[in-house]
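These notes are about the structure you will find just below.
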Amino acid sequence: MWFPVSTRLGLLAIASAGFWLSCVDAKLYNNLDEFATSPDSTSQYDFVIIGGMKKLVISSGEFVLMRRVYHPQGGTAGNEGILEILVPGLITTIPRTYDWNFTTIPQTFVNNRSLTYQRGFVLGGSSAVNSLSYTRGSKDDYDLWGKASGDSRTWSWDSLLPYMFKTEKWTPPVGGRDATGQYDPRYHGKNGPIGVSLTWSGPDDFDRRSTQNTQVQPEFKEILDVNAGRPIGLAWTQWTIGGGERNSAASGYLPTPTRQRPNLTIVVNAQVRRVVPTSRKHGGKLNVRTVEIGSRSSATTLNVTARKEVVLSAGTFGTPHLLLNSGIGEKAHLDSVGVTTIHNLPSVGKGMTDHPAVFLMWTTNATDTPVDVDAALAQWNADRTGPMAENYGIGRRFLWSRLPKNSSLLRKYGDPSSGSNSPHLEFTVGKSGSFVAALVALLTPHSRGSIKLASNNPFDAPLIDPNYFSHPFDIEALAEGVRIAQRWYSGPVWDGFITGYLGPNPNNATALKDSTVVWLHPVGTASMSARDGVVDKDLKVKGLDGLRIVDASVIPYVPTAHTQAPTYILAERGAELIRASL
């Protein structure tokens with residue numbers, strides 16, 4: 001939200017390992033006890049913005065809000081000094097210290113496996129540890145937001161396109177290579193906080209074969225830009241990389257200079273335990289503008305009340321977890337764990353959707369020399385170029401595919417996609433040493449999962465249940481995706497290069513389930529809806545006053561995208577909605 005700094009709007013942003021207070025005299029508090037005994041603990045704030053639970057300091061959505069609410073010129077908070085986060089090529093070496101280390105409950109339809117679920121436990125949340133892929137999804141995905149919310153003027157591709165540009169700063173690939181013909185400049189912003197670019201390297205022989213494959217196999221085609229609204233075909237992947245470095249929500253929206261502003265106070269090692277009613281308004285609505293702050297390492301608790309609004313931006317897991325701990329959710333579930341219900345809102349924590357994926361591999365006759373990590377890191381340190389300036393292990397291009405209209409799966413189960421511009425499947429297209437590896441992801445699942453409380457202790461992790469493959473369409477569609485990938489690598493351009501397929505067999509459902517991994521794009525646990533759902537078209541929690549949600553949990557259905565881009569877009573729009581309400 002673009003408020004002039006001179007308005008001196010008070011902003012308190014809270015996260016688990018830290019929270020940010022906008023006040024006149026800047027201070028840094030190392031824990032809740034320090035803050036609770038300071039004069040700043042009794043300061044007045046117009047907005048309280050709640051980020052992630054523990055050390056997930058602030059989520060992607062919250063960084064957008066902080067920049068737009070209080071600091072018109074923007075900037076980033078950094079992750080300075082964490083080399084594994086800053087260097088794109090070190091993505092697989094990011095220490096588990098910066099991960100929540102979540103696991104799902106045993107997945108009944110995935111051979112009872114509990115799956116590791118990576119979430120960022122660091123400044124910037126998951127945008128600081130993700131694969132860096134920047135895809136918006138299809139035009140139809142955003143038009144579906146309008147249909148779900150009942151407000152197509154606010155939520156649609158056309159109405160949100162300015163916010164897509166607003167969040168993005170398109171930058172040329174480092175090293176100066178010519179990327180002409182690998183993206184469409186008409187669909188990219190130039191002045192936003194998040195750097196977006198193409199890879200440092202390429203095209204090579206593998207990339208040229210991929211292009212040739214779209215020319216000889218009618219099933220496949222090449223598209224100019226995956227982010228132009230119809231991502232169906234082969235495209236150059238775009239990444240949240242600027243100047244050879246990872247651009248996260250932290251580095252894009254809250255830079256070190258911003259954190260050093262005299263009207264910003266930082267308090268680390270604190271967590272919002274719950275939101276609590278402040279009063280009951282005329283007409284019966286609860287006024288929820290107070291937050292209870294605590295810490296796992298301290299018995300201290302502190303209540304802070306917002307004059308205008310509390311804004312939840314704790315993410316798809318953190319937001320419903322906090323609501324449920326506050327007694328906002330389905331009464332039967334809250335009763336089962338001993339939480340007193342203050343507002344019966346059955347949709348909280350329900351409706352979670354995510355992209356299940358499966359890992360495939362082929363053998364080749366390639367004899368590539370593995371990346372010399374030490375030499376590559378020295379090159380990156382020298383000029384921010386080389387293999388470390390990109391996520392070199394995943395491939396430079398992705399392929400998106402839509403099932404044909406006469407597909408037996410669509411006839412049998414119906415089409416779960418948001419429309420004809422949306423792909424059903426996504427494939428990574430790349431080579432790793434002497435192998436070709438691919439992740440095939442189902443982008444349009446029928447299955448729905450949930451987030452629930454494990455207990456009435458707000459410091460306990462939530463129960464995460466993606467409920468993968470609970471609908472039969474999903475495993476059958478993923479199997480078809482494997483077959484499409486096999487056809488892709490069976491074209492004549494691969495003769496003499498691809499030497500064999502290592503699996504899994506798409507006709508063996510057990511093997512597919514054993515190879516299934518989490519694609520890490522959860523949404524929908526506090527969904528926006530004109531009917532049921534948790535929030536209305538303005539992202540306000542239904543039936544309550546003073547409480548709004550701005551994060552991926554409100555997205556009603558998982559988009560055909562890597563969800564960091566949709567989250568930035570939603571948060572930019574949400575910031576405008578809050579500003580318009582003043």
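The values are calculated or read from the model by the stated rules, or taken from the named source; none is laboratory data. This one's a predicted model, so the numbers in the text were calculated from it and none came from an experiment. No Cβ is skipped: glycine too gets one built from the backbone with ideal geometry, and neighbour counts run over all protein chains shown. For the accessible areas, the whole protein counts, side chains as well, though only heavy atoms, and no ligand, DNA or RNA atoms are used. Shrake-Rupley method; radii C 1.70, N 1.55, O 1.52, S 1.80 Å.
In whole Hz and in residue order, list the ³J(HN,Hα) couplings for segment 406-422 that follow from phi through the Karplus curve 6.51 cos²θ - 1.76 cosθ + 1.60, θ = phi - 60°; x for Gly and Pro.
8, 4, 5, 5, 5, 5, 6, 10, x, 9, x, 6, 7, x, 5, 7, 9
Each residue of segment 464-481 in turn: what ³J(HN,Hα) in whole Hz from Karplus with 6.51, -1.76, 1.60 and θ = phi - 60°, glycine and Pro shown as x?
9, 10, x, 6, 4, 6, 5, 9, x, 4, 5, 5, 5, 5, 5, 4, 5, x
When the chain is fully extended, how far beyond the present Cα-Cα distance does Ser420 get from Lys331, taking 0.36 nm per residue of separation?
28.2 nm
Give the shape of segment 76-193 as rounded, prolate or oblate, defined through the alpha-carbon gyration tensor: a ≥ b ≥ c are the square roots of its eigenvalues, a/c under 1.5 means rounded, and otherwise the shape is prolate if a/b is larger than b/c and oblate if not.
Here segment 76-193 falls in the oblate category.
Given the peptides 313-326, 519-532, arrange them by the average over their residues of other C-beta atoms within 10 Å, most packed first. Mind showing how you got there, number by number?
Details: 313-326: 28.6, 519-532: 22.3.
Listed from highest to lowest mean packing, they are 313-326, 519-532.
Which one, (i) 25.1; (ii) 34.9; (iii) 41.1, gives mean projected area of the Cα convex hull in nm² as derived from the coordinates shown?
Of the listed options (i) 25.1; (ii) 34.9; (iii) 41.1, (i) comes from this structure.
Quick one: accessible area per residue over segment 99-167, 1.4 Å probe, rounded to a whole number of Å²?
On the way: 2410 Å² over 69 residues.
The answer is 35 Å² per residue.
Considering only DSSP beta bridges with both partners in the chain, what is the antiparallel share in %, to the nearest 5?
Working: 66 of 89 bridges.
Counting DSSP beta bridges with both partners in the chain, the antiparallel share is about 75 percent.
Taking only Cα atoms, what is the 0 to 90° angle, nearest 10, from helix 564-580's long axis to the longest principal axis of the chain?
30
Tell me the carbon and sulfur percent of the accessible area for the chain, rounded to whole percent, probe radius 1.4 Å.
In the chain, the share of accessible area belonging to carbon and sulfur is 50 percent.
Residues of segment 493-511 with amide nitrogen under 16 Å from the 7 Å Cα-to-Cβ point of Phe435?
Hits in segment 493-511 for Phe435 at 16 Å: 498-505.
Can you give the helix-only mean residue ellipticity at 222 nm for the chain, where every DSSP H stretch with n ≥ 4 adds -39500 (n - 2.57) and the sum goes over all residues, rounded to the nearest 500 deg cm²/dmol?
Mean residue ellipticity at 222 nm (helix-derived): -6500 deg cm²/dmol.
Could you calculate the FRET efficiency of Gln217 with Val517 from 1/(1 + (r/R0)^6), where r is the beta carbon distance between them and R0 is 22 Å, rounded to 0.05? List each step's numbers first, then the result.
Details: r = 27 Å, r/R0 = 1.23.
Computed FRET efficiency for Gln217 and Val517 comes out at 0.25.
Could you pull out every residue, at least 5 positions away or on a different chain, whose amide H is within less than 5 Å of the one on Gly242? Hs are placed 1.01 Å off N in the peptide plane, and Pro or chain starts have none.
Residues meeting the amide H criterion: Asn247.
From the backbone phi of segment 345-355, what are the Karplus-calculated ³J(HN,Hα) couplings (6.51 cos²θ - 1.76 cosθ + 1.60, θ = phi - 60°) in whole Hz, Gly and Pro given as x?
Each residue's phi maps through the Karplus curve to give 10, x, 7, 4, x, 9, x, 5, 10, 8, 9 Hz.
With a Förster radius of 22 Å, plug the Cβ-Cβ distance of Phe459 and Asn303 into 1/(1 + (r/R0)^6) and report the FRET value to the nearest 0.05.
Details: r = 18 Å, r/R0 = 0.80.
Once rounded, the FRET efficiency stands at 0.80.
Using modelled amide H (1.01 Å from N, peptide plane; none on Pro or chain starts), what sits under 5 Å from the amide H of Tyr117, excluding residues fewer than 5 places away?
Placed amide hydrogens put Phe102, Thr103, Thr104 under 5 Å from Tyr117.
Using a Förster distance of 60 angstrom, determine the FRET efficiency expected from the C-beta separation of Arg280 and Ser408, and round it to 0.05. Before the final figure, lay out the partial values.
Values: r = 55 Å, r/R0 = 0.92.
Approximately 0.60, to the nearest 0.05.
When ligands, DNA and RNA are left out and all protein chains stay put, how many square angstrom of accessible area per residue does segment 443-534 have with a 1.4 Å probe?
With all protein chains present, segment 443-534 gives 36 Å² per residue.
Roughly speaking, what is the centre-to-centre gap between segment 560-582 and segment 307-335 when only Cα atoms are used, to the nearest Å?
One Cα centre to the other: 19 Å.
With 30 Å as the limit, write out which pairs from Lys308/Lys350; Lys405/Lys537; Lys221/Lys412; Lys139/Lys169; Lys147/Lys513; Lys139/Lys221 have Cα-Cα distances beyond it, or answer none.
Violating the 30 Å Cα-Cα cut-off are Lys405/Lys537; Lys147/Lys513.
Please give the peptides 99-112, 487-500, 388-401 ranked by average Cβ packing (other Cβ atoms within 10 Å per residue), highest first, as a rough proxy for protection.
My ranking of the peptides, most packed first, is 388-401, 99-112, 487-500.
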